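Heads up: the structure comes next, in structure tokens.
The values are calculated or read from the model by the stated rules, or taken from the named source; none is laboratory data. As the structure is a prediction and not an experimental result, all values here were calculated from the model. Here the Cβ is made from the backbone with ideal geometry for all residues, glycine too, and neighbour counts use every protein chain on show. Heads up: the accessible areas ignore ligands, DNA and RNA and are worked out on the full protein's heavy atoms, side chains in. Shrake-Rupley method; radii C 1.70, N 1.55, O 1.52, S 1.80 Å.
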Number of protein chains: 2
Amino acid sequence: MVHHLPSATNLDAVASAISHRTRRAIIDRLARGPARISDVAQPFSMSLTGFCKHVRVLERAGLVRRTRRGRNNTLELAPQPLRDVAQWLLKYEQFWNSRLDRLQQFFAQQNQKAQKIKRRDEDELH
Amino acid sequence: MVHHLPSATNLDAVASAISHRTRRAIIDRLARGPARISDVAQPFSMSLTGFCKHVRVLERAGLVRRTRRGRNNTLELAPQPLRDVAQWLLKYEQFWNSRLDRLQQFFAQQNQKAQKIKRRDEDELH
């Protein structure tokens, strides 16, 4: 595996590339396998010119590779740059987890309080 | 924990918000704790007006909360929306892993071939 430090410029380009639902949908489609550009474009209700602009944004971010075979342009997903953004994001995973931990702590305390009240009530009954 | 499906609009806004190194640096700073806007702005070599534009992009994406106390504006990180983008990205984790798996498989095969050649050489010697 090639280890590399993602440059800030590349993180900018990749995050920007995935900030549009059409480009995320193209990535979702290509995750099922390489396909001809016209086939990928078909379900989208836009001109082929408009569609190709989105493809170029993905190509510049290194997320999509285009192979030219005569008249057929084939697109293929290059998922590696997505990992760089995921790695940046996962630095913050502890915050979601710590928030969840605090919430679990809160419910545990509520549960302890409820048990204490229950025991006191039972003691008073005896 | 509140479960919610992130809307496409919000994924657009969050991915776009993290597509600039200044905004990622603001998030990195606020991950260490809430801070006054002037203190957060201080290390950046830009006007406070320019800085505040970046803060507004983060606020609109729901990543930063601003509290006004008289003249002091305090900024606080709201990391939850980052998780939504991370979840979208982690759908593709299998591709990085499968690529790694294929690589490991390749090295295992190379190793097997080398062992086979070694055994054949040893057999020929005996």
For A:K53, place a label point 7 Å from Cα along the Cα-to-Cβ direction in every copy; what are the distances to the other copies, in nm, shortest first?
2.1
Positions from region B:80-94 whose accessible area shrinks by 30 Å² or more when the full protein complex is built, not the chain alone, probe 1.4 Å:
B:Q80, B:L82, B:R83, B:A86, B:W88, B:L89, B:L90, B:Y92
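If we count every other residue with Cβ under 10 angstrom of B:L30's Cβ, Lys/Arg +1 and Asp/Glu -1, where does the sum land? Let's see the in-between values first.
Working: positive: B:R29, B:R32, B:R65; negative: B:D28, B:E76.
With Lys, Arg at +1 and Asp, Glu at -1, the net is +1.
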For B:E76, the net charge from surrounding residues (Cβ-Cβ under 10 Å; K, R +1; D, E -1) works out to +2
Checking the cross-link filter: which lysines have an alpha carbon closer than 28 Å to that of B:K53, excluding same-chain neighbours under 8 positions apart?
A:K53, A:K91
Order the following by accessible area, largest value first: A:R21, B:R23, B:R32, A:R69. Probe radius 1.4 Å; ligands, DNA and RNA are ignored.
B:R32, A:R69, A:R21, B:R23
Taking the Cβ of B:V55 as the centre, find all other residues whose Cβ is under 9 Å away and add up their charges (Lys, Arg: +1; Asp, Glu: -1).
+3
Using a label position 7 Å from Cα in the Cα→Cβ direction, what is the ascending list of nm distances from A:N111 to the same site in the other copies?
4.4
Give me the inter-chain shielding for B:22-33: mean count of other chain Cβ atoms within 10 Å, whole number please.
2
